[in-house]
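For reference, the structure discussed in these notes is given below.
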RNA sequence: GCACCCGUGGUGAAAUGGAUAUCAUUACUGACUUCGGAUCAGUCGUUGGGGGUUCGAGUCCCUCCGGGUGCACCA
């Protein structure tokens, strides 16, 4: 926030004035960061878009505009160039970059934050786990994205309410409970639950008798019929829930509230029935919403037996969310497969209560697939989140042992876990929304190049350098910039803008790609220049720059839900 | 059948309609007796086909081809 926007605003104003001077109004032009820094820090297409109106070539327009700009200097602009077909490129002063480095050093933990959502309450449904079913990679993807979005919203000044919406009663749950009752297995062990789910599903498909019994169990759970079955169910539910909490805590996520699908059903059915026939209508004995009227799918909300379906539950969930928190925005992270489904929900919610639909956002992520068949078979068809985490952790542990950085024995395990979480999360967050995500142990989770550990490593390396600089008695200062650090500074100052855009577009990958670019620029600089050299006149500046880069990496990693270790 | 999403080097990705399409990885070649080699430098290699809109298209529109997903009592 602040100065960066001011530079853009000043450039814009100067350009507007120049246009008026040339006798043109009413032309919209862009002022943006060019993709290639060789083209300056800001660039405008003003000459290209106004050429026709002025009846001149773009380049001669550019020349006239630049001549005019020369009369009234913009303080942060060092020089202006005309390039290519008629772009006008602005290069900022080293003093400006120095100020931004100082700003980062001063703000520390809040460097990069903005106020675009100040005063707003954002509710994020970070995870919707199916109790009793295995916590697999899909859940991991969901929560990784949810966590990052929550933190981006917080970085924009919003109060974020992070909730979970566990599916606690369903046919799937009934299948597992049926098996538990049959075998008398211990429902307090999470592995037993997973096995029971598999066994129950198999029985449901293969035995008509079992199928009937399972359907009966499902009914009894729905009406909360107390007894032996209910007791078994409750124990398993607690086991499953605890496991979920432990796993998500390992991933760095906590929840401030939890709402269960079983509660949503009752609420949802009420609302649906209260809104007949205005919104919902009866059809073939069931209650449906005629999505067709709006170019959407028509869907059943309450079955002909009077049971609320997922659709009705979602409406109940929305009511709960808005009545309890009245959020300015309610965000739900879902799979791409559910895109059209949630369009129906959103429309129905809007018809029931305008704000419910208008303020709800259903954010879709892509599907997860596996690049390497060997890997998925090694882990089972749908890899468990825990199994994957452990696999990656082993690689990290091995690496830590090899590099031998005198990390205290007691910290090694935590560090390996942080690295594993960082590797996994980064591989999910580096791609844009909606893209399918390819998972590959050998490549995506490689600790080199475009990866989470690369960013973490760069951060650790910077801390080490800063320690050396402190030992050498170097006091950081932003006065007197050496030529070699130019590439790093020109990226660094953009961080707050990147964070703002990432928040507005709900696009964590913008932060991920920016950090990787910054880390790359820093590492290039690092390879060429010694930073903590007390005899070097530029050492104070280099140290300040390293510190600012470290702060940027740390804050940016936090927004991705990744820890930035001091040593690794 | 209708609807939605996707197609960028061998592989995985990036690119508010902008300039010579960027990055990682793979393969190969190199790097300081010096602050952390999970690093850095270099070489090879790309927008599915065809039209259109635009000063300018990977991006927008049409069409074809290819892949994925969703469409009534599962969640």
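The values are calculated or read from the model by the stated rules, or taken from the named source; none is laboratory data. Everything quoted here is computed from the prediction, not taken from an experiment. A quick note on method: Cβ atoms are made from the backbone with ideal geometry, for glycine too, and the neighbour counts reach across all protein chains shown.
Results, tabulated for the structure shown:
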item: Residue that is assigned to a helix (DSSP H, G or I), closer than 20 Å to residue A:566 by Cα and more than 7 Å from RNA strand B (Cβ to nearest atom), where the choices are A:407, A:419, A:424; result: A:424
item: Filter pass, residue A:319 being more than 9 Å from RNA strand B (Cβ to nearest atom) and either closer than 30 Å to residue A:116 by Cα or out of contact with any strand residue (DSSP E or B) (no Cβ under 7 Å at 6 or more places or on another chain) (or both); result: yes
item: Complete set of residues in segment A:451-478 that are assigned to a helix (DSSP H, G or I) and either farther than 30 Å from residue A:438 by Cα or not assigned by TED's automatic domain parsing to the domain that holds residue A:548 (or both); result: A:462, A:463, A:464, A:465, A:466, A:467, A:468, A:469, A:470, A:471
item: Residue ID - farthest from RNA strand B (Cβ to nearest atom), chosen from residues in segment A:60-94 that are assigned to a helix (DSSP H, G or I) and in contact with a strand residue (DSSP E or B) (Cβ under 9 Å, 6 or more places away or on another chain); result: A:94
item: Residue A:108 vs. criteria farther than 15 Å from residue A:493 by Cβ, part of a loop (DSSP other than H, G, I, E, B), out of contact with any strand residue (DSSP E or B) (no Cβ under 8 Å at 6 or more places or on another chain) and not assigned by TED's automatic domain parsing to the domain that holds residue A:486; result: no
item: Residue within segment A:12-32 that is at pLDDT 90 or above, near RNA strand B (Cβ under 10 Å from one of its atoms) and over 30 Å from residue A:503 (Cα atoms) present; result: no
item: Qualifying residue in segment A:371-380 (condition: outside the structural domain of residue A:162 (by TED's automatic domain parsing), at pLDDT below 95, touching a strand residue (DSSP E or B) at 6+ places or on another chain (Cβ under 6 Å) and not in a helix (DSSP H, G or I)); result: yes
item: Selection count, segment A:274-289, where residues are within 14 Å of RNA strand B (Cβ to nearest atom) and either modelled with pLDDT under 95 or over 34 Å from the mean Cα position of the chain (by Cα) (or both); result: 11
item: Meets criteria (under 28 Å from the mean Cα position of the chain (by Cα), within 16 Å of RNA strand B (Cβ to nearest atom), buried (at least 20 other Cβ atoms within 10 Å of the Cβ) and under 19 Å from residue A:492 (Cα atoms)) for residue A:36; result: no
item: Filter result for residue A:177 (assigned to a helix (DSSP H, G or I) and either surrounded by 15 or more Cβ atoms within 10 Å (Cβ to Cβ) or in the same structural domain as residue A:332 (by TED's automatic domain parsing) (or both)); result: yes
item: Among the residues listed as A:203, A:185, A:210, the single one being outside any helix (DSSP H, G or I), more than 30 Å from residue A:561 (Cβ to Cβ) and at pLDDT 90 or above; result: A:185
item: The lone exception for residue A:469 - which of (1) under 30 Å from residue A:395 (Cβ atoms); (2) near RNA strand B (Cβ under 9 Å from one of its atoms) it fails; result: (1)
item: Residue tally, condition surrounded by 15 or more Cβ atoms within 10 Å (Cβ to Cβ) and modelled with pLDDT of 90 or more, over segment A:222-233; result: 4
item: Segment A:1-38: number of residues that are in contact (Cβ under 8 Å) with a residue 40 or more places away in the chain, part of a loop (DSSP other than H, G, I, E, B) and more than 30 Å from residue A:104 (Cα to Cα); result: 1
item: Hits in segment A:39-59 (condition: near RNA strand B (Cβ under 9 Å from one of its atoms), more than 16 Å from residue A:494 (Cα to Cα) and surrounded by fewer than 20 Cβ atoms within 10 Å (Cβ to Cβ)); result: A:45, A:48, A:49, A:51, A:52
item: Members of segment A:39-59 that are in a loop (DSSP other than H, G, I, E, B) and more than 22 Å from residue A:5 (Cα to Cα); result: A:55, A:56, A:57
item: In segment A:295-312, the residues that are buried (at least 24 other Cβ atoms within 10 Å of the Cβ) and part of a helix (DSSP H, G or I); result: A:312
item: Some residue of segment A:272-280 being within 17 Å of residue A:310 (Cα to Cα), in a strand (DSSP E or B) and not assigned by TED's automatic domain parsing to the domain that holds residue A:415; result: yes
item: Residue match in segment A:195-215 (condition: within 30 Å of residue A:331 (Cα to Cα), surrounded by fewer than 19 Cβ atoms within 10 Å (Cβ to Cβ) and under 38 Å from the mean Cα position of the chain (by Cα)); result: no
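Residue by residue, here is whether (1) within 22 Å of the chain's Cα centre (by Cα); (2) at pLDDT 95 or above holds:
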site	(1), (2)
A:331	yes, yes
A:334	yes, no
A:338	yes, no
A:343	yes, no
A:348	no, yes
A:356	no, yes
A:362	yes, no
A:366	yes, no
